[in-house]
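The values are calculated or read from the model by the stated rules, or taken from the named source; none is laboratory data. What you are looking at is a predicted structure, and each value in this text was computed from that prediction instead of being measured. Positions of Cβ are backbone-derived with ideal geometry, glycine not excepted, and every protein chain shown enters the neighbour counts. Ligands, DNA and RNA are stripped out before the accessible areas are found, and what is left, the full protein with its side chains, is counted by its heavy atoms. Shrake-Rupley method; radii C 1.70, N 1.55, O 1.52, S 1.80 Å.
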Amino acid sequence: MAVYAGRLYVLGGFNGSAKAAVYSADLSTAGSVARWNTEASLPAARFKLAAAASAGWLYAFGGDNGAVSQKTVYRAPLAADGRVGAWGTSTELPGARNSHAAAVAGGRVYVAGGLGAGVAGEVWSATLSGPTVGTWRTETPLAVPVFRLRAENHREIRATACSCRLRATPR
């Protein structure tokens, strides 16, 4: 899910299988959600993906296709009325991720945590310039690997997380 210019965007999801659908709705100044619009679908079905919007572009990072985590990055232009244009691909994430978070600050997108080859603590960032996601760089890792992250795109980045330890239980 992402917010941009007073519009809420919901991407992908799961309802028995991964979905490629994209929906948007205007947000009122009181915070209520208007009627949902069907937008241009993602090129491939995804759930547990991260989304962000910046400078007239909507981005989808990684996710799960129902079989394995993905590292694909999709981007679509946002029209002046908020409608989503045709999706294309951009620079892939350094590794496959699902259940991670993305947030935009200072012209960069930050992707943190999630599930890849286990619970991840990596933080990656890249510049955003319209349809182009720049080269990913590795940032200082999270203090504790986490997944099921949610981030808010404001002047500062805020995130909440689930950190879990797996423990074997004898039968």
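Every residue, every condition in (1) part of a loop (DSSP other than H, G, I, E, B); (2) without any contact (Cβ under 8 Å) to a residue 40 or more places away in the chain, yes or no:
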| position | (1), (2) |
| --- | --- |
| Tyr23 | no, yes |
| Ala40 | yes, no |
| Pro43 | yes, no |
| Ala51 | no, no |
| Phe61 | no, no |
| Thr72 | no, yes |
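Please go through the range 101-118 and pick out each residue that is in contact (Cβ under 8 Å) with a residue 12 or more places away in the chain, closer than 19 Å to Gly130 by Cβ and open to solvent by 10 Å² or more (accessible area, probe 1.4 Å). Selection gives Val104, Ala105, Gly107, Arg108, Tyr110. Looking across the range 105-129, the residues that are under 19 Å from Val146 (Cα atoms) and among the aliphatic types (A, V, I, L, M) come down to Val109, Val111, Ala112, Leu115, Ala117, Val119, Ala120, Val123. Please find, among Ala86, Ala76, the residue that is within 25 Å of Tyr23 (Cα to Cα), in a loop (DSSP other than H, G, I, E, B) and at pLDDT 95 or above. Result of the check over Ala86, Ala76: Ala86. For Ala45, the stated conditions do not hold, so it cannot be described as within 17 Å of Ala2 (Cβ to Cβ), of a type in the set (Gly, Ala, Ser), surrounded by 15 or more Cβ atoms within 10 Å (Cβ to Cβ) and out of contact with any Asp or Glu (no Cβ under 9 Å at 6 or more places or on another chain). Among the residues examined, Arg7 qualifies as over 15 Å from Gly63 (Cα atoms) and at pLDDT 95 or above.
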